[in-house]
Amino acid sequence: MFLRNGWYAAIWSRDLNEQPVWRTFLNEKVVLFRNASGQVGALEDCCCHRAAPLSRGERAGDYLACGYHGLKFDINGQCVEVPGQSMIPRGAKVRSYPVCERWGAVWIWMGEPAKADTSKIPDLYWLGDPKWTATPGYIHLNSNYQFLIDNLLDLTHVTYVHKNTLAGDPREATTPTRTERLPDGVRVGRWMIDFVPPPLFARAGNFNCNVDRWQFVTWTPPSTVYLDVGCARAGTGAPEGDRSQGISIWSSHLITPETENSSHYMFSFARDFALADAEMSKLLYEGSKATFLEDAEMLEAVQANRCGGSLEGLVDIAADAAQLQARRMLGQLINAERA
């Protein structure tokens, strides 16, 4: 079900401050904390003394103090202090997970620590580049993570699920897409020439005319999806590379399995226009969250009809090509890891 040797987004950096945060990743309970020096630790959420959840504790300088008996642990999970005694028992340690802060997020490695190569974290430069402004958010999703990946690689559902936000022209439902299998992922995309702009983009770009619109989605294992999307005034050269008469957005989706039937869903719209415009940030954040909540409602309904993320017994259509390629690649990675 899960690829363990891979980087998963644990939390937005801005959301991890003085209080420890408890989350379940890949069926394992983890506590995240930031020490007084700003370093991030990710530990098994179970004290080695009497099994109290460490997330019920508090930060004590550079350490995390258990809320039950006050044992203190560093970011590597090593117990450094036991109140009332000078000797620290042998084996007083909890499991720690490799973490790395990059692109405004904390990434966690749930597999073999020796294989945690930070160069494998997806390149989402727009989330940290001052030439772009990001509007991050979070949704707890009661659905398997593979259903969400399927959904993001499926451009045809937009017409039906997102009528009030991202759907602009009924021709979107039948405009073909092109799927590519990459060395490390899957890409699907299309151009829509001289289309009615979607409501959210029409407001963001102040479009009162038809547009040339682009949608290119990339999935990288295990579960990061990003979209190069936008639109420009029709006939101004966007398909040839000139996007100056339009708006460009990187839509990022950092998905981490919680259990077989639930997921952590971190999302962000990043834009290269109106960078310091707070109203624009509000528009795009609220618009993107409303859009993704529409997805969440549908995917949770799908999950209610399934066990885990299996497609067994269901039929496929032509628009499923990218989803099926991604599932096949992920399955091969999981099988290789188990072997």
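Below are the figures for this structure:
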quantity	calculated
Nitroxide proxy distance, nm - points 7 Å out along Cα→Cβ at ARG171 and HIS140	4.4 nm
Theoretical FRET efficiency, 1/(1+(r/R0)^6), r = Cβ-Cβ of ASP184 and ARG14, R0 41 Å, to 0.05	0.90
Normalised per residue, the volume of the convex hull around the Cα set of segment 49-200 (Å³)	198 Å³
Accessible area per residue in Å² at 1.4 Å probe, computed on the chain	46 Å²
For segment 223-300, convex hull of alpha carbons as volume per residue, Å³	115 Å³
Projected-area average for segment 1-42 over all orientations - Cα convex hull basis, square nanometres	3.2 nm²
Projected label distance in nm at ARG95 and VAL302, using a 7 Å step from Cα toward the beta-carbon	3.0 nm
Added length on full extension, which subtracts the Cα-Cα distance from 0.36 nm per residue, PHE273 to GLU337	18.8 nm
Only Lys, Arg (+1) and Asp, Glu (-1) charged, at Cβ; the chain dipole about Cα centre in debye	600 debye
Residue among LEU283, VAL315, PRO222 farthest towards the positive dipole end of segment 204-339, charges placed on Cβ	PRO222
Length-normalised contact order for segment 1-83 - Cα pairs under 8 Å, 6+ apart - percent	19 percent
Two-site label geometry, ARG50 and ASN164: point separation in nm, points 7 Å out along Cα→Cβ	5.1 nm
Compactness of segment 1-132 as Cα Rg over 2.2 N^0.38 Å, two decimals	1.09
Highest-MSF residue in the chain out of ARG178, ARG50, ARG59 [GNM, Cα springs under 10 Å]	ARG50
Relative contact order %, segment 142-222, counting alpha carbon pairs below 8 Å whose residues are six or more apart	28 percent
Cut-off 13 Å between beta-carbons: net charge of the residues surrounding GLU101, Lys and Arg +1, Asp and Glu -1	+2
Gaussian network model of the chain, Cα within-10 Å springs - most flexible of ASP15, ASP150, ASP212	ASP15
Additional length obtainable on full extension of the chain from SER310 to GLN85, 0.36 nm per residue less Cα span	75.8 nm
Relative contact order (%) - criterion: Cα under 8 Å, at least six apart; region: segment 243-292	32 percent
Fraction of accessible area attributable to carbon and sulfur, the chain (%, probe 1.4 Å)	50 percent
Segment 251-339 - Kirkwood radius from inverse mean 1/r over Cα pairs (Å)	16.0 Å
GluC sites (Glu not before Pro) restricted to DSSP loop in segment 1-53 with at most 16 other C-beta within 10 Å	GLU18
Segment 144-236 - Rg (one decimal) and Dmax (whole number), Cα, Å	13.7, 41
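The values are calculated or read from the model by the stated rules, or taken from the named source; none is laboratory data. Keep in mind that this is a model prediction, so the values were computed, not measured. For neighbour counting, all protein chains shown are included, and Cβ atoms are generated from backbone atoms with ideal geometry for every residue, glycine included. Ligands, DNA and RNA are stripped out before the accessible areas are found, and what is left, the full protein with its side chains, is counted by its heavy atoms. Shrake-Rupley method; radii C 1.70, N 1.55, O 1.52, S 1.80 Å.
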